[in-house]
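Quick note: the coordinates plus some simple rules give every number you see, no bench work behind them. Just so it is clear, the structure is predicted and the values come from calculations on it, not from any experiment. Glycine gets a Cβ as well: all are built from the backbone with ideal geometry, and neighbour counts include every protein chain shown.
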Amino acid sequence: MSNPYVPLFILLALGFGFAALSVGTSLVVGPKRYNRAKAEAYECGIQPSPRAEGGGRVPIKYFLTAMLFIIFDIESIFLFPFAVAFDQLGLFALVEMVLFIITVFVAYAYVWKRGGLEWD
């Protein structure tokens with residue numbers, strides 16, 4: 001009898017192989033014309049603001065906002081299957097999901113209290 005994980009390992013190897021092949025091909029075939037405009041920071045199509053020598057510091061609020069989006073994306077990834085299979089899971093799964101939502105909202109309240117959602 002075959003190992004049930006063999007298809008998973010084959011898919012994983014194909015995924016890594018495709019990623020490595022794509023990156024390698026772009027390095028070999030891609031253009032190598034570097035200029036000053038490519039080296040500058042891209043800020044949504046507007047003229048880049050002056051930065052300190054060596055790159056300067058990026059405000060932390062950008063990273064906090066990105067992390068909040070990731071947290072709520074992960075929450076939705078866990079909530080959709082739970083909502084679909086709610087009838088079969090029973091009370092234990094309901095308690096676990098309530099604890100998960102409480103944990104996420106405690107983190108959200110902490111960020112809100114610390115001013116992480118304020119855009120000056």
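Going by how many other Cβ atoms sit within 10 Å of their own, how do Arg33, Arg114 line up, fewest first?
Ranked by crowding around the Cβ, least crowded first: Arg33, Arg114.
With θ taken as phi - 60° and the coefficients 6.51, -1.76 and 1.60, list the Karplus ³J(HN,Hα) couplings across the stretch 8-21 in order, rounded to whole Hz; mark glycine and proline as x.
These are the phi-based 3J(HN,Hα) values: 5, 5, 5, 5, 5, 5, 5, x, 5, x, 5, 5, 5, 5 Hz.
Output ³J(HN,Hα) for the stretch 87-103: one whole-Hz value per residue in order, computed from phi by the Karplus curve 6.51 cos²θ - 1.76 cosθ + 1.60 with θ = phi - 60°, and x for Gly and Pro.
Result, ordered by residue: 5, 7, 7, x, 5, 4, 5, 4, 5, 5, 5, 5, 5, 5, 5, 4, 4 Hz.
Over the stretch 57-113, what portion of Cα pair distances is larger than 13 Å, expressed as a whole percent?
Summing the P(r) of the stretch 57-113 above 13 Å gives 66 percent of all pairs.
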